[in-house]
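**Q** One structure follows; several queries about it will come next.
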Amino acid sequence: MRVVGLLRGINVGGNNRLKMADLRAAVESLGHTDVETYLQSGNVVFTTSRPGSQLSETIRERIQQTCGIDVPVLTRTGIEMSSIVAANPYERDDPTKVVVTFGPADGVLPDLDLDLFAPESLTVHGREVYLDLPFGQGRSRLTAALAKFDDGISTSRNWRTVLALAEMTATPSAHSNVARSNRAGGDATS
């Protein structure tokens with residue numbers, strides 16, 4: 001089964017520096033195979049025969065043991081990533097203006113008057129929160145307001161990254177070219 005591990009806050013603003021080769025090695029040391037990373041922001045895709053509720057914590061512990069940093073890790077299977085893509089309520093020509101926040105549990109609509117943030121909006125679907133940010137993340141009043149609800153575990157990716165990770169988790173053979181061509185890039189989300 002293909003799975004993506006989403007690490008929170010890797011290589012953002014000079015904090016939690018982690019080489020992707022070290023991340024791949026840590027995940028491989030747990031017996032997972034076909035391990036690849038995407039960008040430099042803590043996205044690792046792998047094949048495992050041992051999915052389960054402890055997978056995220058096992059990876060987190062191994063990264064702490066081998067790399068010396070403690071960061072939250074959330075996992076999603078290829079099937080879950082496909083469902084996340086299908087559930088996206090927003091269409092934008094610029095895929096960096098739609099952001100998905102991955103959470104550890106079913107999302108809860110924050111106590112905000114969302115009308116105050118129009119035309120920005122959000123939709124909660126299962127464990128994910130979809131954000132429509134027509135002016136981008138850097139100028140978003142909504143993401144600034146949501147920061148006060150930060151649980152310290154959830155992590156966000158822009159739509160371009162979500163699509164790439166969904167492709168990488170679809171099948172082992174479908175992900176190779178995407179991953180290789182994007183290993184050096186960056187995704188400045190937390």
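No value in this document is a laboratory result; all are computed from the given coordinates. For clarity, every value in this text was computed on a predicted model and none was experimentally measured. Glycine gets a Cβ as well: all are built from the backbone with ideal geometry, and neighbour counts include every protein chain shown.
**Q** Using only the alpha-carbon atoms, how far is helix 159-170 inclined from the longest principal axis of the chain? Give it as 0 to 90 degrees, nearest 10.
**A** It works out to around 40 degrees.
**Q** Round to the nearest 10 and give me the degree value, 0 to 90, for the angle of helix 55-67's Cα axis relative to the longest principal axis of the chain.
**A** Rounded to the nearest ten degrees, it is 70.
**Q** Here's a follow-up. Let me spell out the model: positive unit charges on the Cβ of Lys and Arg, negative unit charges on the Cβ of Asp and Glu, origin at the Cα centre of the range 27-89. What dipole size does that give, in debye rounded to 20?
**A** For this selection, approximately 80 debye.
**Q** About its Cα centre, how strong a charge dipole does the chain have in debye, to the nearest 20, once Lys and Arg get +1 and Asp and Glu get -1 at the Cβ?
**A** Dipole size: approximately 620 debye.
**Q** Now, a different point. Give a residue-ordered list of calculated ³J(HN,Hα) values for the range 105-120 (Karplus: 6.51 cos²θ - 1.76 cosθ + 1.60, θ = phi - 60°; whole Hz; x for Gly, Pro).
**A** Going residue by residue, I get 9, 3, x, 10, 5, x, 7, 10, 7, 5, 4, 5, 9, 4, x, 5 Hz, with x marking Gly and Pro.
**Q** In whole Hz, with x marking every Gly and Pro, tabulate ³J(HN,Hα) for the range 70-84 from phi via Karplus 6.51 cos²θ - 1.76 cosθ + 1.60, θ = phi - 60°.
**A** Calculated HN-Hα couplings, in order: 10, 10, x, 10, 10, 10, 9, 6, x, 5, 5, 5, 4, 5, 4 Hz.
**Q** Also: Given Cα pairs under 8 Å that are at least 6 residues apart, what percent is the relative contact order of the range 1-128?
**A** After rounding, I find 25 percent.
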